[in-house]
Amino acid sequence: MSINVEQLSFSYGRKTALSDLNFTLERGEFSALLGPNGAGKSTLFALLTRLFSLQSGSIQLQGLDLQKTPTQVMQQVGVVFQQSTLDLDLSVQQNLVYHAALHGFSSAEANARIAIELDRMSMADRANEKVRALNGGHRRRVEIARALLHQPSVLLLDEPTSGLDPQTRKILNQHVRQLCEDQQLTVLWATHLIDEIHANDRALLLHQGKLLSSSTGQNLCTLSGKEQLAHAFEHLTQQTVAAA
Amino acid sequence: MNMSSAQYWHCFRGVLVREYLRFIQQRTRFFSALVRPLLWLVVFAAGFRAALGIAIIEPYETYITYEVYIAPGLCCMILLFNGMQSSLSMVYDREMGSMRVLLMSPLPRWFLLVCKLLSIALVSLLQVYAFLLIALLVDVEPPLWGYLTALPAFLLVAVMLGAIGLFISSWIKQLENFAGVMNFVIFPMFFLSSALYPLWKMQEASEWLYWICSSNPFTYAVELVRHALYMKFDLLAFSVTLSTTILFSLLAINGFNPQRAAKGK
């Protein structure tokens, strides 16, 4: 499913958080949302997940408007939030059953889907453990399994690897890429860690609430005349600061 | 695809089960929530028994001890603390994370909030009945069927207090922490009601205090429970409690805004 964002702006009182964003993410595409802290990434996620109400502009999934048909849109969206939203005192299974119920699944449907998703994440043997007993990487895997329970066609991940060690970050990133390929999931992966982005990924570069680029990583490098994406990213964001 | 009624039911069941699981996980919170009303019942009531004589009043058919008088008010006190605490934590506490999960459901937001309020209310009832069980030890013995007839009254009062809590947390920024709510909402609501003393006693002391107590919805909640516990129905108390529940549920749902909570963090 494609995501189409048009003329999206948002402000907290007088402070503008997002200004006139326009971009499209194609079906089955892994896109990165890049930006330093305070760039507006979390606000964009809050709008994409209906946590915040739109102030101006529109968000559409495969032509369905988020504001007009929230039920249909939210059935297609899976989310992994920046901060863990798992209930630490409940088991992995109990957390997932809760999420499935929120999507209207019966117990039998939920258990069947949970078994599949936990297996996919190599977490099937941890189903009855309390989340508190899991390490950060495993908790993230559970959150990804949870986001996929209702078989969405869009997966939004807000800095899913923050606080994880490099090895775990790499594994998670590869895993989501594999999902994207296998299931034709449209993935938006917010991060400020450049090494998580491949040269041919679409990279939405957000800075001070504005979208500086929505091209591939490679094009970003060409555009900025830099060889490495990290340098291109630095160059483009600094240019904006200088222009401001 | 629109959601079916079965899906709505599964959603409600899921929210309720989670609330129950959290309740049994947090046993210390359960016991500490029971200590407060039990202190009132065992210590405060023992001390005040001599000072306060209770005449025969509705719904009681005979003279009663002070413990018997304040028991319904203390049940409502449990619901008051639970309702306020849970509703506030829904918006401001660490619970904000779980609120995000709740709001990711494709079902309408009003339905999710009603599910949450009802679930909190139903789980609070377990505490109320645990309290009533212990209260038997100090001779608070309502008729056996009274425990059943009081059930819908407890539920309605619990939803009313949860809705008031949610409304407050959505609108009054200054009361973001629980201590503020205790001082400015819970204590005035509790003390300015018929929970601890009959209103005619209050009228003898001060006409304007009596007027405030008579305008307090918590008074009617307590009276509804008091009557229901003795298998009687107080129409006025029911009407005021029901109207307050509907009014604050509508206001709370209408005013619910996670954006405000996120900004305040």
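FYI, it's all coordinate maths here, none of it is from the lab. Every value quoted in this text rests on a predicted model; they were computed, and no experiment measured them. Quick reminder, even Gly has a Cβ in these numbers, built from the backbone with ideal geometry, and neighbours come from all protein chains shown.
Please give the average number of partner chain Cβ atoms lying within 10 Å of the Cβ of each residue in B:9-18, rounded to a whole number. If you can, show how the numbers build up before the last one.
Values: counts 3, 10, 6, 1, 3, 11, 3, 1, 5, 9.
For peptide B:9-18, the averaged partner shielding equals 5.
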Open item on the list: If I take every Cα pair under 8 Å that is 6 or more residues apart in the stretch A:77-151, average their sequence separation and divide by the length, what percent do I get for the relative contact order?
Closed with: 48
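Expressed as a rounded percentage, what relative contact order does the stretch B:5-264 have, with Cα pairs under 8 Å and six or more residues apart? The partial results should precede the final answer.
Numbers: 298 pairs, mean separation 64.7, N = 260.
This gives 25 percent for the stretch B:5-264.
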- [ ] May I ask you to work out the translational diffusion coefficient for the stretch B:1-141 at 25 °C, viscosity 0.890 mPa s, via Stokes-Einstein with Rh from the Kirkwood sum over Cα pairs, reported in whole µm²/s?
- [x] 142
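Looking at the protein assembly as shown, send over the antiparallel percent of its DSSP beta bridges, to the nearest 5. Before the final figure, lay out the partial values.
Details: 19 of 37 bridges.
Roughly 50 percent of the beta bridges in the protein assembly as shown run antiparallel, per DSSP.
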Open item on the list: Can you give me the long-range amide H partners of A:Val79? Hydrogens built in the peptide plane at 1.01 Å from N, cutoff under 5 Å, separation of 5 or more residues or another chain.
Closed with: A:Leu156
Open item on the list: Let me confirm one metric for peptide A:7-15, namely the mean number of other chain beta-carbon atoms within 10 Å of its residues' beta-carbons.
Closed with: 1
Open item on the list: Can you work out the Karplus-derived ³J(HN,Hα) for every residue in the stretch B:200-216? Use 6.51 cos²θ - 1.76 cosθ + 1.60 with θ = phi - 60°, whole Hz, and x for glycine or proline.
Closed with: 5, 5, 5, 5, 5, 7, 7, 5, 6, 5, 4, 5, 5, 4, 6, 9, 7
Task: Cα Rg, Dmax (largest Cα-Cα span) when computed across the protein assembly as shown, Å - done: 26.9, 92
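Taking neighbour counts of Cβ atoms within 10 Å as a proxy for exposure, in what order, fewest first, do A:Ile114, B:Ile56 appear? Each step should come with its number before you reach the end.
Details: A:Ile114 24, B:Ile56 9.
With the fewest neighbours first, A:Ile114, B:Ile56 line up as B:Ile56, A:Ile114.
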TODO: Using the Karplus curve 6.51 cos²θ - 1.76 cosθ + 1.60 with θ = phi - 60°, work out ³J(HN,Hα) for each residue of the stretch B:62-67 in order, rounded to whole Hz, and write x for Gly and Pro.
DONE: 8, 5, 10, 7, 5, 4
Task: Kirkwood estimate for the stretch A:122-172, i.e. one over the average of 1/r between Cα atoms, Å - done: 11.9
Task: Vicinal HN-Hα couplings computed from phi for the stretch A:215-220 (Karplus, 6.51 cos²θ - 1.76 cosθ + 1.60; Hz; Gly/Pro x) - done: 9, 6, x, 4, 5, 4
Task: Cross-link partners of B:Lys232 among aspartates and glutamates (Cα-Cα below 14 Å; sequence separation of 8 or more within a chain) - done: B:Glu58, B:Glu61, B:Glu223
- [ ] Describe numerically, in nm with one decimal, the distance between label points set 7 Å from Cα along Cα→Cβ at B:Ile64 and at A:Leu223.
- [x] 7.4
- [ ] Restricting things to alpha carbons, tell me how big the stretch B:5-264 is in terms of Rg and Dmax, in Å.
- [x] 18.4, 58
TODO: Report the label-to-label distance for B:Ile57 and B:Val17 in nanometres (one decimal), using points 7 Å from each Cα along the Cα→Cβ vector.
DONE: 4.5
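When DSSP assigns beta bridges and you keep just the ones with both residues in chain A, what percent turn out antiparallel, to the nearest 5?
Values: 19 of 37 bridges.
The antiparallel proportion sits near 50 percent.
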- [ ] Please go through the residue pairs A:Lys130/A:Lys210; A:Lys170/A:Lys226; A:Lys170/B:Lys116 and name each one whose alpha carbons sit more than 32 Å apart in this structure.
- [x] A:Lys130/A:Lys210; A:Lys170/B:Lys116
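Given a Förster radius of 25 Å and the C-beta distance between A:His175 and A:Ala199 as r, what FRET efficiency does 1/(1 + (r/R0)^6) yield to the nearest 0.05? Write out the running numbers ahead of the final one.
Values: r = 20 Å, r/R0 = 0.78.
After rounding, the FRET efficiency stands at 0.80.
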Task: 17 Å reach of a label modelled at B:Trp9, 7 Å along Cα-to-Cβ, counting backbone N of the stretch A:101-124 - done: A:101-110
Open item on the list: Below 14 angstrom from the Cβ of B:Lys232, what's the summed charge of the other residues (Lys, Arg +1; Asp, Glu -1)?
Closed with: -3
TODO: Partner chain Cβ atoms within 10 Å, averaged over the residues of A:92-104 - can you pull that number for me?
DONE: 6
- [ ] Please check which bits of the stretch B:205-223 a label hung off B:Phe191 would reach, taking the label as a point 7 Å along Cα-to-C-beta and the cut-off as backbone N under 18 Å.
- [x] B:205-219
TODO: Could you give the C-alpha radius of gyration of the stretch A:1-80 expressed as a fraction of 2.2 N^0.38 Å, taking N as the number of residues it contains?
DONE: 1.06
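Set the Förster distance to 51 Å, then compute FRET efficiency between A:Gln151 and A:Ser215 from the Cβ-Cβ distance, nearest 0.05. Kindly include the intermediate steps, with their values, before the conclusion.
Numbers: r = 30 Å, r/R0 = 0.60.
The pair A:Gln151/A:Ser215 has a calculated efficiency of 0.95.
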Task: Crossing angle, helix A:92-102 versus chain A [Cα axis fit, 0-90 degrees, rounded to tens] - done: 70
Open item on the list: How tilted is helix A:107-120 with respect to the longest principal axis of chain A? Cα atoms for both, answer in degrees (0 to 90, nearest 10).
Closed with: 60
Open item on the list: Along the Cα→Cβ direction, 7 angstrom out, place labels at A:Leu54 and B:Ser32. What is the inter-label distance in nm?
Closed with: 4.4
Open item on the list: Given contacts defined as C-alpha pairs under 8 Å and at least six residues apart, what's the relative contact order of chain A, whole-number percent?
Closed with: 26
Open item on the list: Can you tell me the orientation of helix A:136-148 relative to chain A, as the angle in degrees between its alpha-carbon axis and the longest Cα principal axis, to the nearest 10?
Closed with: 90
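Using every Cα-Cα pair within the stretch A:77-151, state what percent have a distance larger than 22 Å. Could you put the intermediate results ahead of the total?
Values: 264 of 2775 pairs.
Above the 22 Å cut-off, the stretch A:77-151 has 10 percent of its Cα pairs.
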- [ ] Would you mind checking which residues have amide H under 5 Å from A:Ser213's amide H? H placed 1.01 Å from N; only 5 or more apart, or other chain.
- [x] A:Leu205
